[in-house]
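The values are calculated or read from the model by the stated rules, or taken from the named source; none is laboratory data. Just so you know, these numbers come straight off a predicted model, no measurement behind them. Glycine gets a Cβ as well: all are built from the backbone with ideal geometry, and neighbour counts include every protein chain shown. Accessible surface areas use protein heavy atoms only, side chains included; no ligands, DNA or RNA. Shrake-Rupley method; radii C 1.70, N 1.55, O 1.52, S 1.80 Å.
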Amino acid sequence: MVCDICGKDGTNVKAIIEGSEMNVCNSCSKFGKVIKSYDRPFKKRFDKKFKKNENQKTPNEVSEDFIVENYAKIIKQKRESLNLTLEELSNKLNEKESLIQKIESGHLRPNFVVAKKLQNFLKIRLIESFKEKKIEPKTKESQVLTIGDLIKIKK
Ligand SMILES: [Zn+2]
């Protein structure tokens, strides 16, 4: 829409100017009383709010990384599909062959450093993370006397 006053394109305000309803641009809206705005501020506000919520971490929520259960199978299958020997793979990762072998046979769960190396090199997913609602255990400390209790005792 074109501004009823200055003729500029990009009208986004409906305003009462000198008694009549007009579609005007932002700068012309100051000549009258704005009754409706089609401007973006609303969306901006919404985005901001949304982003804020997204970044907010619930204090009770903990995220934890862990090595997937079938890591051995995943590594072995991928290595074989790439036609790599254990030796080649361990050389590429700069790790001992015996270590990789133990991991691949399921005898040793890789630590995060090795798992990340394997993950990046073989393009597989070994590390997962889950979010869990932490349930605060009711310890004796949390049942400690409140001010109300103290007052009762004093009485
Ligand atoms: Zn205008």
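State yes or no: is I74 outside any loop (DSSP other than H, G, I, E, B), within 16 Å of the ligand (Cβ to nearest atom), at pLDDT 80 or above and surrounded by 12 or more Cβ atoms within 10 Å (Cβ to Cβ)? Here the answer is no, as I74 does not meet what is asked.
Okay, residues lined up against (1) within 16 Å of the ligand (Cβ to nearest atom); (2) within 30 Å of F112 (Cα to Cα); (3) open to solvent by 100 Å² or more (accessible area, probe 1.4 Å); (4) modelled with pLDDT under 90:
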| residue | (1), (2), (3), (4) |
| --- | --- |
| S20 | yes, no, no, no |
| V24 | yes, no, no, no |
| S27 | yes, no, no, yes |
| E54 | no, yes, yes, yes |
| K57 | no, yes, yes, yes |
| N60 | no, yes, no, yes |
| S63 | no, yes, no, yes |
| I67 | no, yes, no, no |
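Taking residues in segment 1-18 that are closer than 19 Å to K33 by Cβ and of a type outside the set (A, V, I, L, M, F, W, C), and partners anywhere that are open to solvent by less than 40 Å² (accessible area, probe 1.4 Å) and at pLDDT below 85, the pairs with Cβ atoms closer than 8 Å and at least 6 places apart or on different chains are D4/T11. Scanning segment 29-38 for residues that are farther than 15 Å from V2 by Cβ, within 13 Å of the ligand (Cβ to nearest atom) and of a type in the set (G, A, S) yields a count of 1.
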